[in-house]
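The values are calculated or read from the model by the stated rules, or taken from the named source; none is laboratory data. Everything quoted here is computed from the prediction, not taken from an experiment. So basically every Cβ, Gly included, is an ideal-geometry build from the backbone, and we count neighbours across all protein chains shown. Accessible surface is based on the protein model in full, side chains and every heavy atom, while ligands, DNA and RNA are left aside. Shrake-Rupley method; radii C 1.70, N 1.55, O 1.52, S 1.80 Å.
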Amino acid sequence: MQALNARWQRIHAARRAQLMGSTGDGAIVVISAAPERVRSRDTLHPYRQDSDFYYLTGFLEPESVLALVPGRKHGEAILFCRDRDPAREGWDGPRLGPERAGEALGVDDAYPISDIDDILPGLLEGRARVYYQLGLDAGFDLKLIGWVNRLRGRSSGSAPQEFLQLGHLLDEQRLFKSEAEIRLLQHAVDITVAAHRAAMAAVRPGQHEYTLQAEIEREFRRSGAQPAYASIVGTGANGCVLHYGANVSRIHAGDLVLIDAGAEYRGYAADVSRTFPANGRFSKEQRALHDLVCKAQAAALAQARPGKPFAAMHEAAVVTLCDGLLSLGLLQGRLEAVVSSEAYTRFYPHKTGHWLGLDVHDVGEYRIDGASRLLEPGMVFTVEPGLYIPVDATDVPAKWRGIGIRIEDDVLVTRSGHRVLSAALERSADEVEACMASARATA
């Protein structure tokens, strides 16, 4: 049975109250748990709860629905969940059941999910607006629309008249992290730091990429975490593939290894990237590009403080990368022209960061009224500049081709500036080489 302690019950209740305060009276919020997904035939993918549903309930079971009804004296938070089923629980594990949900989760009422057809239409009746995430679960979309249409078929005219995207309110709420969330994020990051160090210590030419993936994910699992996303371990030219996922190539002496991997702990994701030499020493060209990416990240981090536009970090990284690429001869022209023409996207095709939280690419608007939104305390995001020189770029000197580098850290905006949650992990070329040498000396 899953039960939340009193502190987390209060946290989830406060989140629900904040959301209902944003919707106002006359509305209802309906949110369904993530459906289970078939992996093959009768085998399911490991279950992962919908982030919005988890944020508001802390409940991890599928086949559940939460209804929030602002303005009612009783029953503001109503959960529908699976009944207890001893025979089924013998196969799949214990279920909470509606009889215990109120006390275990801190919701006001709970009913069997099998009764939702009879109960939820009554909760919709008399409500002017429905806040809901249309398009995430087509089956439940049809059910909800069917309940509303049933009400509209009555002469009372008491059916909701508007469907509004829940994300317009809840995404903004989730964007600002509480102290409790920051502690969980920091723990996920700490686990991730240990995993990256384990990979740096373990790497040897002749291994396969999946060997390092195993080292990383072993650290995740032994610390009670799991991968927040598919771990990327790209050696040599594979490091130039932004979302490389095969992880099957053999690692050769002289290769760089790019690892983009993060742990998920109690729902919260880390997202960290490092690039290091398989033999423990950067070549001259590898170090030059690695130093440039580090410099670009430092320029971006200098913009990570309250009142600065989110886009300022990317702009600072781009100018730094372009200036360095011009100096190295990988780009030609004037700095202003290279930046304005976006000629750099050949070697740097992605943005410099994204929100981070319950989702590795977390929710929240990046622009407000057409302008880049300003940073505020409590926001968490990645800062991840990179350079990727295609192996088939025949107009580039061969010494640069096939080098892929990304350096990514997780950052919290504070009242006075920012805090790099992943600062403990070696970043510069000198730090990486020293870390690898120390690990090999003690192996």
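List of remarks:
- Per-residue 3J(HN,Hα) values for region 410-427, derived from phi via the Karplus relation 6.51 cos²θ - 1.76 cosθ + 1.60 with θ = phi - 60°, read 9, 10, 10, 7, 10, 5, 9, x, 8, 10, 7, 5, 9, 4, 5, 7, 3, 10 Hz in sequence order (x marks Gly and Pro).
- Where L60, L335, L421 fall by accessible area, highest first, once all protein chains stay in place (1.4 Å): L60, L335, L421
- Intensity falloff of region 73-129 expressed as log10 I(q)/I(0), Debye formula with alpha-carbon point scatterers, at q = 0.28 Å⁻¹: -1.13
- Neighbour net charge for E433 - beta-carbon separation under 11 angstrom, K R +1, D E -1: 0
- A Förster radius of 56 Å, combined with the Cβ-Cβ distance separating H350 from K143, puts the computed FRET efficiency at roughly 0.90.
- Percent of Cα pairs in region 1-88 per distance bin of 5 Å, from zero to the largest separation: 3, 13, 20, 22, 19, 11, 6, 4, 2, 0.
- Surface per residue (accessible, 1.4 Å probe) for region 195-248, Å²: 43
- Each residue of region 270-277 was assigned a 3J(HN,Hα) from its phi angle through the Karplus expression (A = 6.51, B = -1.76, C = 1.60, θ = phi - 60°), giving 9, 8, 10, 10, 9, 10, 9, x Hz with x at Gly and Pro.
- Area projected by the alpha carbon convex hull of region 10-168, averaged over all directions, nm²: 9.9
- For T345, the accessible surface of its heavy atoms amounts to roughly 60 Å² (probe 1.4 Å, protein chains only, rounded to the nearest 10).
- Share antiparallel - DSSP beta bridges, region 25-145, percent rounded to 5: 60
- With a Förster radius of 22 Å applied to the beta-carbon distance between A439 and Y210, the computed FRET efficiency rounds to 0.65.
- Equivalent ellipsoid semi-axes - Cα gyration tensor, region 308-380, angstrom: 28, 13, 10
- Residue-normalised accessible area of region 39-105, given per residue in Å² at a 1.4 Å probe: 52
- Using a Gaussian network model of the chain in which every pair of alpha carbons under 10 angstrom is joined by a spring, one finds that among V248, V380, V189 the greatest mean-square fluctuation is at V248.
- Carbon + sulfur, % of accessible area of the chain - ligands and nucleic acids excluded, 1.4 Å: 51
- In sequence order, calculated HN-Hα J values of region 94-103 (Karplus, 6.51, -1.76, 1.60; Hz; x Gly/Pro): x, 10, 6, x, x, 5, 10, 5, x, 6
- Relative contact order %, region 1-122, counting alpha carbon pairs below 8 Å whose residues are six or more apart: 26
- Sum of side-chain charges, Q186 neighbourhood, beta-carbon under 14 Å (Lys, Arg +1; Asp, Glu -1): -3
- Relative to the longest principal axis of the Cα atoms of the chain, the long axis of helix 209-222 makes an angle of roughly 50 degrees.
- Once both labels are positioned 7 Å from their Cα atoms along Cα-to-Cβ, the gap between A337 and S283 label points is 3.1 nm.
- Tail weight of P(r) past 15 Å, computed on alpha-carbon pairs of region 372-420, percent: 60
- By accessible area with a 1.4 Å probe, ligands and nucleic acids excluded, highest first: order of K308, K143: K143, K308
- Short-range pairs are left out: with C-alpha atoms under 8 Å and at least six residues apart, the relative contact order of region 37-97 is 20 percent.
- Note on R427: accessible area is roughly 50 Å² with a 1.4 Å probe, heavy atoms of protein only.
- Accessible surface comparison of R221, R7, probe 1.4 Å, protein chains only, largest first: the order is R221, R7.
- Each part gets one Cα centre, and for region 158-232 versus region 350-375 those centres are 17 Å apart.
- Across region 138-190, Cα-Cα distances exceeding 16 Å account for 64% of all pairs.
- Distance between the modelled labels on R419 and D118, one decimal in nanometres: 5.1 nm (7 Å Cα→Cβ projection).
- Projecting the Cα atoms of C322, S249, G280 onto the charge dipole of region 202-347 (Cβ charges, centred on the Cα centre) puts G280 farthest toward the positive pole.
- Estimated FRET transfer efficiency (D108, S178; beta-carbon r; R0 22 Å; 0.05): 0.50
- Ranking A337, Y366, A87 by Cα position along the charge dipole of the chain, where only Lys, Arg, Asp and Glu carry charges on their C-beta atoms, puts A337 farthest toward the positive end.
- Solvent exposure of region 382-443 as accessible area per residue, Å², 1.4 Å probe: 42
- Region 198-324: C-alpha gyration tensor shape, a/c 1.5 cut-off, then a/b vs b/c: oblate
- Probe 1.4 Å - accessible area at H252, Å² to nearest ten: 110
- Per-selection Kirkwood Rh - the chain (Cα, Å, 1 d.p.): 24.1
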